[in-house]
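The values are calculated or read from the model by the stated rules, or taken from the named source; none is laboratory data. Keep in mind that this is a model prediction, so the values were computed, not measured. Heads up, the Cβs are rebuilt from the backbone with ideal geometry, glycines too, and the neighbour counts pull from every protein chain shown.
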C-alpha cells in the first residue's frame, strides 16, 4: 500500500518574528519533525515567508502588489536555501514548487502537477510549495496559502492536512483550545475571531473556511502550533492542537479535481428551489440563479452558495458569467450539468 499523503502548511507568523525575519531555530525544528514522518507519509510542505524574507531588500517597502512580487522573488530562494540546509542533515533533498491557479483549474496541467509530485515522493524528495507571486495575476491569486494547501490536499487525495498557527489551535469563546471538532456548524463558526496577525494574510476565518472544505471531502484537518516538543507527531496523535474530523466522502478522482478548484473567480447564488434540486443531484438552470459574482468563462469551476451564503458545492459551468446573467430570467437554460457539479 502507498503511504498516505500529509500536507503541512506553515504561515508567515509561525516561522518568522514580527520583523519578518525567518527563525533558523524553527526551520531546524520543522526539518527534524518532517524527517521523522518521512518513513510513514508522502509529505508536501506549503510554506509562507517569502515576502517577509525579501521585503527587507526593497527600499521604502510599502506593501504594494509590485513590491510584494519583488519581495517574493528575492525571498523565495532565501527560504528554499534555508530549508535545503536543514533537510540536508537528514539526506532529504528539497524541490521548490511555485504554483499558480491554472495548475488546478486546468485538468491537463493538474494531472501533470500530480505526476510530478509522485516523482518527488518516489525519489525521496520533499516538495516545498508556495505561490508563484512574481507572475500571478492579482485576479487569479490564491487568497492565501491556507487555500493553496487545501487545494493540494484535496487534489492529491491527502489523508491529513496540518495547518500551523501561532495560537496553537482553534479556540472556543473562553480562549480554550478545542481538542476535537466533529463538524463545523454555526456554533463553531461563532467562535471565530476576525483578527489576524500582522504578517499573515489569512486569519482563523480563512483557516476555518478551508478546513470546512477539506473535511467535507474526507480529509482530516489539524490546526496546531509549533511550540510543542514534537508538534507534528503530537498533533497526529491527537495530543495537541485541534482535530477537525473528516466527513464521509465517496467522490471519484475527477470530482475531487473539480472540488480542488473550488475557490475561484466566480460565485453563483441560488434560490431555495435550485438548492433543493442540487442536493438531489440535479443540474443547475439559470432561472434558479439569483446572483452572479465575478468574471469567469464557460468551462471554469465556480462556487455555488445558497440564500444564506452557505457554500453548497462547486460546478463547472456551461456558460460564461454574462451569459448566465442574461439567462436568469429565461427557463430551461442550462448553467451547469449534474455530472459537473460537486455538492459538499
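Residue 305 fails exactly one of the following numbered conditions: (1) farther than 21 Å from residue 215 by Cα; (2) surrounded by 14 or more Cβ atoms within 10 Å (Cβ to Cβ); (3) touching a strand residue (DSSP E or B) at 6+ places or on another chain (Cβ under 7 Å). What is the number of that condition?
Result: residue 305 passes all but (1).
Of the residues that sit in region 92-110 and are closer than 16 Å to residue 145 by Cα and in a helix (DSSP H, G or I), which one is modelled with the highest pLDDT?
Ranking the candidates gives 104 first.
To keep it simple, each residue is scored yes or no on (1) over 17 Å from the mean Cα position of the chain (by Cα); (2) modelled with pLDDT of 80 or more.
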site: 129; (1), (2): no, yes
site: 132; (1), (2): no, no
site: 150; (1), (2): no, yes
site: 156; (1), (2): no, yes
site: 160; (1), (2): no, yes
site: 175; (1), (2): yes, yes
site: 181; (1), (2): yes, yes
site: 204; (1), (2): no, no
site: 219; (1), (2): no, yes
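Taking the criterion of being part of a strand (DSSP E or B), surrounded by fewer than 24 Cβ atoms within 10 Å (Cβ to Cβ) and touching a helix residue (DSSP H, G or I) at 6+ places or on another chain (Cβ under 9 Å), would at least one residue in region 25-40 satisfy it?
Checking region 25-40: not a single residue is part of a strand (DSSP E or B), surrounded by fewer than 24 Cβ atoms within 10 Å (Cβ to Cβ) and touching a helix residue (DSSP H, G or I) at 6+ places or on another chain (Cβ under 9 Å).
Please count how many residues of region 295-344 are farther than 20 Å from residue 249 by Cα and in a helix (DSSP H, G or I).
Matching residues across region 295-344 total 7.
Does region 61-77 contain any residue that is under 20 Å from the mean Cα position of the chain (by Cα) and part of a loop (DSSP other than H, G, I, E, B)?
No, there is no match, as no residue in region 61-77 is under 20 Å from the mean Cα position of the chain (by Cα) and part of a loop (DSSP other than H, G, I, E, B).
Given the options 46, 14, name the one that is modelled with pLDDT of 90 or more and touching a strand residue (DSSP E or B) at 6+ places or on another chain (Cβ under 9 Å).
The conditions single out 46.
Could we say that residue 273 is in contact with a helix residue (DSSP H, G or I) (Cβ under 8 Å, 6 or more places away or on another chain), over 23 Å from residue 189 (Cα atoms) and not in a loop (DSSP other than H, G, I, E, B) here?
The answer is yes for residue 273.
Conditions: (1) in contact (Cβ under 8 Å) with a residue 12 or more places away in the chain; (2) under 17 Å from residue 12 (Cα atoms); (3) out of contact with any helix residue (DSSP H, G or I) (no Cβ under 8 Å at 6 or more places or on another chain). Residue 76 meets all but one. Number of the miss?
It is condition (3) that residue 76 fails.
May I ask you to list the residues in region 225-244 that are at pLDDT below 95, touching a helix residue (DSSP H, G or I) at 6+ places or on another chain (Cβ under 7 Å) and closer than 14 Å to residue 170 by Cβ?
Selection gives 225, 240, 241.
For region 283-292, give me each residue that is within 13 Å of residue 328 (Cβ to Cβ) and in contact with a strand residue (DSSP E or B) (Cβ under 7 Å, 6 or more places away or on another chain).
Listed by number, the residues that qualify are 284, 285, 286, 288, 289, 290, 291, 292.
Does region 111-119 include one or more residues that are closer than 19 Å to residue 214 by Cβ and at pLDDT 95 or above?
So far as region 111-119 goes, yes, one or more of its residues are closer than 19 Å to residue 214 by Cβ and at pLDDT 95 or above.
Scan region 79-106 residue by residue and report those that are more than 23 Å from the chain's Cα centre (by Cα) and surrounded by 15 or more Cβ atoms within 10 Å (Cβ to Cβ).
Once the filter is applied, which keeps residues that are more than 23 Å from the chain's Cα centre (by Cα) and surrounded by 15 or more Cβ atoms within 10 Å (Cβ to Cβ), region 79-106 yields 82, 84, 86, 87, 92.
In region 207-245, what residues are farther than 24 Å from residue 155 by Cβ and not in a loop (DSSP other than H, G, I, E, B)?
If the condition is that a residue be farther than 24 Å from residue 155 by Cβ and not in a loop (DSSP other than H, G, I, E, B), then 231, 233, 234 are the ones that fit.
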